[in-house]
Amino acid sequence: MAGARGIDPQMSGPQDTIAHPSSPRARSTPGSGARANHNGHRHGELVAYATILWYGGAARNVQVDSTPGALAFPDLNPGTTQMTISDLAVLLLGLTVGLTFAAHGAQKAFGWWGGPGMAGWQGAMEHMGFRPARLFAVASMLAELLGGLFLAVGFLTPVAAAILVAQSTVIILHVHLPKGFWSAKGGIEFGLQLGVGALILGLLGRGAASVDGILGLAFSSNARVELLVAGLVAGLASIAVSRLATSQAAHPAS
């Protein structure tokens, strides 16, 4: 078939090129076969050419983590500012989740929007059994304030997401789980939504519309998963420390 593996008269051997169906090399010449078969050949060439263009173009946009044993999570256009619908989706999710966390951190840090401020938040942490209360109060405030801002702008996104997953783990399991699911009764509903949102952003990244995307900062799939698992473990460890401190305070050694 013309164009599948053409012979260039100026070269000594066959050329591995694909001819466009409208080019002279792709057209049938008089005497090349019955005219009844011409349209069939023409149709086949058009389909083959379109298929090559489609998959060739897609292949140039596919990014594969070739590290042995790497998990296959997509990278949303790292190192480019070209926007896609996926970039827009994670931009909206990042702004919503990140700024909500940051607002809660500002309540704790500065007492804004009816928040407790640092003194009130330290007292709350002590009441919940965290010792030393000052250390845990500052750590949780910074996790929400800075982690939320970093997630909103998409800077070091998997790290910020891991910190917020740790904070969400404590919020969900230690504070709200005993009160059930619904937020109206103090349950886990709201905290669960924020935590899962941070987890999704940590897995996917923040795409082109982020500081990571502009600077070309990219984390491998394995690194993203490992950071998020570390955040989960850190949250569980904080709960364990709190419960141990509460137990020791209730039953001091004689």
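The values are calculated or read from the model by the stated rules, or taken from the named source; none is laboratory data. The shown structure was predicted, so the numbers you read here are calculated from the model rather than taken from an experiment. Every residue, glycine as well, gets a Cβ built from its backbone with ideal geometry; the counts of neighbours run over all protein chains shown.
Residue-by-condition table, conditions (1) assigned to a helix (DSSP H, G or I); (2) at pLDDT 95 or above; (3) surrounded by 16 or more Cβ atoms within 10 Å (Cβ to Cβ); (4) of a type in the set (Val, Ile, Thr):
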site	(1), (2), (3), (4)
LEU76	no, no, yes, no
LEU93	yes, yes, yes, no
PHE101	yes, yes, yes, no
ALA106	yes, yes, yes, no
GLY120	yes, no, no, no
MET125	yes, no, yes, no
PHE130	no, no, yes, no
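Do you know which of the residues in segment 153-162 that are out of contact with any Phe, Trp or Tyr (no Cβ under 8 Å at 6 or more places or on another chain) and of a type outside the set (Val, Ile, Thr) is surrounded by the fewest Cβ atoms within 10 Å (Cβ to Cβ)? Looking at the filtered set, the residue picked out is PHE155.
Against the condition in a helix (DSSP H, G or I), under 15 Å from SER242 (Cβ atoms) and in contact (Cβ under 8 Å) with a residue 40 or more places away in the chain, how does PHE136 come out, does it pass? Yes. Restricting attention to segment 188-224, and to residues there that are crowded, with 20+ Cβ neighbours inside 10 Å and aliphatic (A, V, I, L, M), which single residue is farthest from the chain's Cα centre (by Cα)? If we take residues in segment 188-224 being crowded, with 20+ Cβ neighbours inside 10 Å and aliphatic (A, V, I, L, M), then ILE188 is farthest from the chain's Cα centre (by Cα).
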